[in-house]
Each structure stands twice: as structure tokens, then as C-alpha cells.
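Peer 1: So that we are looking at the same thing, I have put the structure below in C-alpha cells.
The values are calculated or read from the model by the stated rules, or taken from the named source; none is laboratory data. Keep in mind it's a predicted model, so treat the numbers as computed, not measured. Counting neighbours? That spans all protein chains shown, and the Cβs are built from the backbone with ideal geometry, glycine included. These accessible areas exclude ligands, DNA and RNA; they are computed on the full protein's heavy atoms, side chains included. Shrake-Rupley method; radii C 1.70, N 1.55, O 1.52, S 1.80 Å.
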Amino acid sequence: MNSVVLMGRLTRNPETRYSQGNNPMAVTRYTLAVDRRFKREGEQSADFIPCIAFGKAGEFADKYFKQGTKVVVRGRIQTGSYKNRDGNTVYTTDIVVEEQEFAESKANQTGGNNTYPNPGTATANEAPKAPAKDDGFMKIPEGFDEELPFI
């Protein structure tokens, strides 16, 4: 089975080209910086993985992804080779994207500025809410007696 799941940040904005022919298709390339789980002294702390998205996935990446965006990619490894201008063989390894999605909210990407109401405030008729951390989730205060609408 050839399946890869990666989470990382784009190192630069995606680059999109369109194929030739009757039905041109988007071909979008971007590189993910994927943090290494364990780091040895003197080694880099991330791997830089080239990804390629075709068609609608490529158009999506071109429109919404930008440098620094944290994304999750699922796809497959594809290796290849070609001869460069000097006649040397160059070996390539890419992730062919099958699925891609954002790995963090837009608020986290822009430093926490979002349009949601501040969960740390309450109106006169509400129970006071605990102070909000900048993780986008409202904290349920201690001693809140009402049942939650879900279980």
C-alpha cells in the first residue's frame, strides 16, 4: 500500500500551471515543511516535502493556500527521474495529493484575530464564562449546573 499522511506548513506560495490540450488541468506544486518528531544534535528539525496537486485539488491549493498555511495532506509517494541539461540523471520524489485540508483555523493563521464573539464575556442574563484561551474553544466554568445539549 502506498499511502502518506503529512501535516506541515507551506514554505512558499503554491505555483500553478495548466496542462496543454482540449481540457487544461491545474497542476499545482508546493512544499511542506514537516517537523521531525525527534531531533538529533546537528540535524535539521524539519523535512521539506514536495507535493503536487492536480485538477480541482490544484485549483483549491492555488486559491486558498499561501506561505505559512498549516495543512494536512493525504496522498501517495511517486518517484521518477529525468535527464537534466547536462545529461545527468536527476531523481525525484513527490507526494501526489489525493486529499488536502487546513490544519488550523484562519484565526490561528492570522495571529488570533477572528470574528467570533469573545467567549470570556457574558451578558447580564448568562452565567459567567471562564476566561478564554486563544485556542478558539469556550471553556465551561466550574459549578455550571445546566445540562449540556449533547452527550
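Peer 1: Just the residues that are modelled with pLDDT of 95 or more and in a loop (DSSP other than H, G, I, E, B), please, taken from region 21-58.
Peer 2: Within region 21-58, just Met25 meets the criteria.
Peer 1: Follow-up. Based on what the data block shows, is Pro119 open to solvent by 90 Å² or more (accessible area, probe 1.4 Å), modelled with pLDDT under 55 and of a type outside the set (Ser, Thr, Tyr)?
Peer 2: No, not satisfied.
Peer 1: Now, a different point. Take region 54-64 and flag every residue that is open to solvent by 80 Å² or more (accessible area, probe 1.4 Å) and within 14 Å of the chain's Cα centre (by Cα).
Peer 2: Once the filter is applied, which keeps residues that are open to solvent by 80 Å² or more (accessible area, probe 1.4 Å) and within 14 Å of the chain's Cα centre (by Cα), region 54-64 yields Lys63, Tyr64.
Peer 1: Return yes when Thr92 is open to solvent by 80 Å² or more (accessible area, probe 1.4 Å) and more than 18 Å from Gly8 (Cβ to Cβ) and no when it is not.
Peer 2: No.
Peer 1: Separate question: Sort through Asn108, Asn13 and tell me the only one that's open to solvent by 40 Å² or more (accessible area, probe 1.4 Å) and in a loop (DSSP other than H, G, I, E, B).
Peer 2: Of Asn108, Asn13, the one residue that is open to solvent by 40 Å² or more (accessible area, probe 1.4 Å) and in a loop (DSSP other than H, G, I, E, B) is Asn13.
Peer 1: Tally the residues that are closer than 16 Å to Phe102 by Cα and either open to solvent by 50 Å² or more (accessible area, probe 1.4 Å) or touching a Phe, Trp or Tyr at 6+ places or on another chain (Cβ under 7 Å) (or both), restricting the search to region 23-41.
Peer 2: 3
Peer 1: Right, something else. Hey, any hits in region 42-53 for a residue that's among the aromatic types (Phe, Trp, Tyr) and open to solvent by less than 60 Å² (accessible area, probe 1.4 Å)?
Peer 2: No, region 42-53 contains no residue that is among the aromatic types (Phe, Trp, Tyr) and open to solvent by less than 60 Å² (accessible area, probe 1.4 Å).
Peer 1: Does any residue in region 18-40 that is free of Cβ contacts under 8 Å to residues at least 40 places away in the same chain come within less than 9 Å, Cβ to Cβ, of a residue that is open to solvent by 100 Å² or more (accessible area, probe 1.4 Å) and outside any strand (DSSP E or B) six or more places away or on a different chain, and which pairs are these?
Peer 2: Ala26/Lys56; Tyr30/Arg12; Thr31/Arg12
Peer 1: What residue, among those in region 65-81 that are open to solvent by less than 40 Å² (accessible area, probe 1.4 Å) and not in a strand (DSSP E or B), is farthest from Asn108 (Cα to Cα)?
Peer 2: Top of the filtered list is Phe65.
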